[in-house]
Each structure stands twice: as structure tokens, then as C-alpha cells.
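Any read-out appearing in this document is the output of simple, stated calculations on the displayed coordinates, not a laboratory observation. Bear in mind that the values here come from a model prediction, so they are computed numbers and not experimental data. Neighbour counts are summed over all protein chains in view; Cβ atoms, including those assigned to glycine, are modelled from backbone coordinates with ideal geometry.
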Amino acid sequence: MAWINVINEEKATGSLKDQYNNLIEPWGGVDNILKIHSLNPESLDAHVRLYKMAMYGKSSVQRREKEMIAVVVSTINQCHYWIIHHGEGLLKLTKNKTLVKQLKADFKLADITPKQMAMLDYSVKLTERPGDMILEDVERLKDAGFNDRAILDINQIVAYFAYVNRVADGLGVELEDFWEKK
């Protein structure tokens, strides 16, 4: 499951058990990316709050656009765990297998709006070359129709996936068993 010890649902006690009870997924368990925090329940709580803010918080950035960012950033980072998870999330939202495949292969070839392309261009540059970001990168997002709050939200989503891709890959987090049945 991972390269460090992880406390599974059946062995969790106290606050960790309480947290796990709130994180049970429809497949019947807690996602491995969350269980990786089991030795530090405060870290688990912070991770869940950051994830919910980034992906489900109120924003003019649409949910499917957030998933697009997740897929593209995770693809650049070659994070198999999140490519699978959020590729499936995007597929559920859009019912568009071609779009998901395009975003995983080369987002530049995807059938998306110019506004979404600007969003992904920003996301890719921030992921690949954060030290090269300049004012004009944000100005391009404004020119595409994003307001300052949406730009902040896009930035936060990219930053979240930079963080969580490294948690998954740096600690050997494996996909949950149910993915083998898909």
C-alpha cells in the first residue's frame, strides 16, 4: 500500500477513527492518499480541508475545469495515482472519454474552449517552471475572462496537485484495490 506504515480503518482509534468514519468512500473504505496521513491525524485533517476547498469550494471555476487541471498537472508530474482518480472524476462529470484521453496525452489537442486552454497553459507553466512565472501569465488569464478570485482558485488547485502528487509518489501510495476491477 505504501512505503511507510499506515493505520488501516480496522485498526484506527480515537480521532483517527472519527476522521476515517467521515471519509468512507462509496467503494467502502478510505482512499489510500488519505490513509497515508494516519500517523499524523492533524496532517490528515489539513489535507482534507485543503482538498475540499480547492476542489469543492465556491468558485467561478467550474468543477469540470478543476478536474481538468487535476488531470493535466498530475499527468505532467507523472503521478499515476491522481491521473487515475481525477481522470475518472472528469469522466463522470463530462461523460467524454475522448476529452479525458486528450488531456492525458496532450492537452493542446483537446477540444476545449480558449478560456480553458488559457487556464491549462497557466497550470502547465506553473507546474513545470514556477520560477518563470510573470505578470503576463496572470494577465493572459484575465484576458481570457477569469477574474482575480478565479485566478487565485486556479493557482490553489495547481499548487494542491503539486503537493499531493509528491505525497503520493514520494511515499509510494498505491491505487485502491477496487481500481483493478474497473
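Distance check, please: which entries in 66/95; 35/97; 95/115; 11/92 exceed 22 angstrom between their Cα atoms?
35/97; 11/92
Out of 71, 48, 124, any idea which swings most in a Gaussian network model of the chain, alpha carbons joined below 10 Å?
Comparing 71, 48, 124 in a Gaussian network model of the chain, the most mobile one is 48.
Can you work out ³J(HN,Hα) from phi for every residue in the stretch 86-95, in order, using Karplus 6.51 cos²θ - 1.76 cosθ + 1.60 and θ = phi - 60°, giving whole Hz and x for Gly and Pro?
8, x, 5, x, 5, 4, 4, 6, 9, 6
Distance from the Cα centre of the stretch 131-182 to that of the stretch 51-83, in angstrom?
Between the Cα centres of the stretch 131-182 and the stretch 51-83 lies a distance of 6 Å.
Hey, could you get me the Stokes-Einstein D for the stretch 16-82, Kirkwood radius over alpha-carbon pairs, 37 °C and 0.692 mPa s, rounded to whole µm² s⁻¹?
246 µm²/s
Tell me, what is the FRET efficiency for residue 22 and residue 63 to the nearest 0.05, using R0 = 25 angstrom and their Cβ-Cβ distance as r?
Efficiency, rounded to the nearest 0.05: 0.75.
Please state the relative contact order of the stretch 35-104 as a whole percent: Cα pairs under 8 Å, 6+ residues apart?
With pairs under 8 Å counted, the relative contact order is 24 percent.
Give the calculated FRET efficiency between residue 109 and residue 4 to the nearest 0.05, with a Förster radius of 35 Å applied to their Cβ-Cβ distance.
With R0 = 35 Å, the Cβ-Cβ based efficiency is 0.35.
Within the stretch 1-99, list the chymotrypsin sites (Phe, Trp or Tyr not before Pro) lying in a DSSP loop whose Cβ has at most 15 other Cβ atoms in a 10 Å radius.
Here the sparse-neighbourhood loop sites are 3, 27.
Count charges around residue 81 for me, please; just the other residues with Cβ under 13 Å from its Cβ, Lys/Arg as +1, Asp/Glu as -1.
Computed value for this residue: -3.
Counting Lys and Arg as +1 and Asp and Glu as -1, each charge on the Cβ, what is the dipole of the stretch 95-182 about the Cα centre in debye, to the nearest 20?
It works out to roughly 360 debye.
Quote the FRET efficiency, to the nearest 0.05, computed for residue 178 versus residue 135 with a Förster distance R0 of 45 Å and r equal to the Cβ-Cβ distance.
For R0 = 45 Å, the calculated efficiency reads 0.50.
Return the Rg/Rh ratio of the chain with Cα-based radii and a Kirkwood Rh.
Result: Rg/Rh = 0.98.
Would you calculate the separation in nanometres between label points at residue 45 and residue 163, each defined as 7 Å from the Cα along the Cα-to-beta-carbon direction?
That separation, rounded to one decimal, is 1.5 nm.
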